[in-house]
Structure formats: C-alpha cells, structure tokens
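Report on the structure given below.
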Amino acid sequence: PFRDFRFRVVSDAGERDYSLSGIPVFDVAGGFQGYRGAGTDISHHVATATELEKGRNLLYSVLDSIPAPISVKDVSGRYMLVNKGLREAFQAETSDIVGRHISELPLTGIAPEARAEFVAFSSAQEAETLATGMPVLNRERSYRRADGSLRTVLESKVPLREPDGRVTAILSPA
C-alpha cells in the first residue's frame, strides 16, 4: 500500500500537483493485478502552502533585519519567536530559546549579577500586560552585559489577541 504519494505534472497547460493513495489488488491465485486507490488534485493546497512559507520567510527576514531584540511569548511566558537581536543579546540560538521561559535560559549575554533583576523586570511587565490586557509601553531598562558594557533600552510589552479578544501572546519589542 501507499499513502499520500505526491508528484507534479508539467505540461503545456501548466503545472499541477497530485496526491495518490492505493492498496494492492491480487487475484484469487495471489497474483498481483495492480493497485486500487484514489488521486486528488492538490495544486491549490501546494500553492497556498508555498505562499505561506514565502510569507513566513519574509517575516523572519524583516524581524532579523531589525537590530533591537524582539520576541513573542505565549501567555505562560514561553518564547514562541525571537529575532537576531534577541539571540545576540542572550548569546543563544533560536533552538535554545523557543519553548523555554526566560528563567530557564542561561542568559550568557547578560552579566551574571544582572540576570535575576533582568528576569524579574521582564516577568513583572508581562504580568502587568496579562492582568490589564493593555500594552506596557516604553519602560526604560538598563542592564549590564556580559562584556561589562551597560545597555539601556525602552522596552514594551504588547498583548496579541485572537479575533474573539483573548490575549494569546505578548510581543516584546525592546
């Protein structure tokens, strides 16, 4: 048997994408007779998925071109999306950040003595945003980096909502 075998047909009429699934058919003596199954034109699905991927790649490209740290966290405080600026500030890779709470990160880009305060400040701003459902805008924050330099940023926490108004994530542009 085979399931969801995908292929593209190119002709003078254009390109079409198909998916086939089938099971083998045998005669009474056990001889293979062929396959019985179904095929579906999935061209629209493939085109839509391709466009979504292009849009996602554009979003990540735009976010990574902004030098300021930017992140999106779910309502439990776990990172869903981070840009290059945040990865550089934390000195960590996306795979080390996404899915984790700030308190679970090593934060090697921040001076060890500044890490607890850094986490507390972020957590307090996020708690306020979730409690009020309102953005917390342009709160000044200074912290010492691991290299000893001082960084001062204006940090915001903006609730992201579902169409029904529920807050499902927090955008943090610093």
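The values are calculated or read from the model by the stated rules, or taken from the named source; none is laboratory data. Computed from a predicted structure; not experimentally measured. Note: ideal-geometry Cβ built from the backbone for every residue, glycine included; neighbour counts use all protein chains shown. Each accessible area value is taken on the protein alone, full model and side chains, heavy atoms only, with ligands, DNA and RNA left out. Shrake-Rupley method; radii C 1.70, N 1.55, O 1.52, S 1.80 Å.
Tally up the carbon and sulfur contribution to the accessible surface of the chain as a whole percent, 1.4 Å probe, everything protein left in place.
Percent of accessible area from carbon and sulfur atoms in the chain: 56.
Compute the helix-to-body angle for 115-132: its Cα long axis versus the longest principal axis of the chain, expressed 0 to 90° and rounded to tens.
Taking the Cα atoms of the chain, the angle to 115-132 is about 70 degrees.
Treating only the Cβ of Lys, Arg, Asp and Glu as charged (+1, +1, -1, -1), what charge dipole size does segment 110-174 show about its Cα centre? Round to the nearest 20 debye.
So the dipole magnitude of segment 110-174 works out to roughly 120 debye.
Have a look at F5, S122, L59 and report the one farthest towards the positive end of the charge dipole of the chain, computed about the Cα centre with Cβ charges (Lys/Arg +1, Asp/Glu -1).
Among F5, S122, L59, the one farthest towards the positive end of the dipole of the chain is S122.
If you put +1 on each Lys and Arg Cβ and -1 on each Asp and Glu Cβ, how big is the dipole of the chain around its Cα centre, in Debye rounded to 20?
Magnitude of the dipole: close to 240 debye.
Through the Karplus equation 6.51 cos²θ - 1.76 cosθ + 1.60, θ set to phi - 60°, convert the phi angles of segment 136-141 into ³J(HN,Hα) values in whole Hz; use x for Gly and Pro.
10, 10, 6, 7, 6, 9
Leaving out ligands and nucleic acids, and using a 1.4 Å probe, what accessible area per residue does segment 107-161 come to in Å²?
54 Å²
Scan around G109 for amide H atoms under 5 Å from its own, H built in the peptide plane at 1.01 Å from N, and keep only partners 5 or more places away or cross-chain.
Counting only residues 5 or more places away or on other chains, the set is Q91.
For the chain, report the % of Cα-Cα distances exceeding 22 Å.
Details: 8976 of 15051 pairs.
Tail of P(r) above 22 Å: 60 percent of Cα pairs.
Grab the Cα-Cα distance for E113 and R78, subtract it from 0.36 nm times how many residues apart they are, and report the gain in nm with one decimal.
10.3 nm
Roughly what angle does helix 43-65 make with the longest principal axis of the chain, taking Cα atoms, 0 to 90 degrees, to the nearest 10?
In the chain, helix 43-65 runs at an angle near 20 degrees to the longest axis.
Highest GNM mean-square fluctuation, the chain, Cα pairs closer than 10 Å: which of L130, L20, L150?
L20
May I ask for the equivalent-ellipsoid semi-axes of segment 54-136, computed as the square root of five times each C-alpha gyration tensor eigenvalue and listed largest first in whole Å?
Semi-axes from the Cα gyration tensor: 21, 18, 11 Å.
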